1. For the pair ILE3 and LEU92, what calculated FRET efficiency results from E = 1/(1 + (r/R0)^6), where r is the Cβ-Cβ distance and R0 = 35 Å, to the nearest 0.05?
2. Along the range 70-82, what does the Karplus equation 6.51 cos²θ - 1.76 cosθ + 1.60 (θ = phi - 60°) give for ³J(HN,Hα), rounded to whole Hz, x for Gly and Pro?
3. Multiply the residue gap between LEU131 and MET34 by 0.36 nm, knock off their C-alpha separation, and tell me the result in nm, one decimal place.
4. So what is the accessible area of the range 1-150 per residue, in Å², with the probe set to 1.4 Å?
5. Near the amide H of VAL129, under 5 Å away, which other amide H atoms are found, from residues 5 or more places off or on another chain, if H is placed in the peptide plane?
6. How much of the accessible area of the range 28-72, probe 1.4 Å, is carbon plus sulfur, in whole percent?
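The values are calculated or read from the model by the stated rules, or taken from the named source; none is laboratory data. All of these numbers come straight from a predicted model, not from anything done at the bench. Cβ atoms come from the backbone with ideal geometry, glycine included; neighbour counts cover every protein chain shown. Just so you know, the surface numbers come from the protein's heavy atoms only, side chains and all, with ligands and any DNA or RNA stripped out. Shrake-Rupley method; radii C 1.70, N 1.55, O 1.52, S 1.80 Å.
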Amino acid sequence: MGILDLITLLIFLAAGFTLINITYLKLPSTIGLMAIALVMSVIVLISGIFIPHLTDVAVHIMEEFDFEEVLLHVMLSFLLFAGALSIDLSKLAEERLPILVLATFGVIMSTFIVGYLMFQVFQYVGSPVPLVYCLLFGSVDFANRSYSRSCAHSEGQYSRRVLKLKLPESHCLMTV
C-alpha cells in the first residue's frame, strides 16, 4: 500500500463518515466526523479481540507509513488551502486588530495549557511523548476547536459580532 493508497483510503472513509453524519447524526461536520472516527477506532480495537488479523492489519498500516510525513507534507497543505478559501478578506480586514490579539493569546494559551496537560497525562499513563509534540497538539487543537465551534454556531442565532468575540480565529469569519 503506497502513500496514494493511504490518501485514497482516508478520503473514502471521510466521505463515508460524512454521509453517515449528514444522513443520520446531523451534527456539525467536523464534530460528526470526529465522533464517527472515534467510534470506528473503538470498534476496530474491540473486534481485534475476536479477529486478531484485523488488529494486525491496522498495526501494519500504522507502521508502514511515516504519518508525520503524510500529515505535515501532504494533508496539511490541502487543509490550509481549503480553510483559506472560506475567508472573506474584507471582513477579516474590518476586525483585524481584535482577531489578531485574541487569536494570538488564544493560540499561546492553548498551546501551553493543553500541551502541558497532555504531556502530564502521557507521563502518567506510562507512554511518554516528547513535550514538543504535546505543545504542537495544543496549538493545532485550538484551531480545530475554534473551527468546529464556528461551524456549530453558524447554524445558531448568534450575531456576527458575538461570534467574532467568541471565536477569535479567522475561521469565525466564514459565512455566518
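1. 0.55
2. Karplus values, whole Hz, x for Gly and Pro: 5, 6, 6, 9, 10, 6, 4, 4, 5, 5, 5, 5, 5.
3. Taking 0.36 nm per residue and subtracting the Cα distance, the gain is 32.5 nm.
4. On a per-residue basis, 71 Å².
5. Correct list: GLN123.
6. 78
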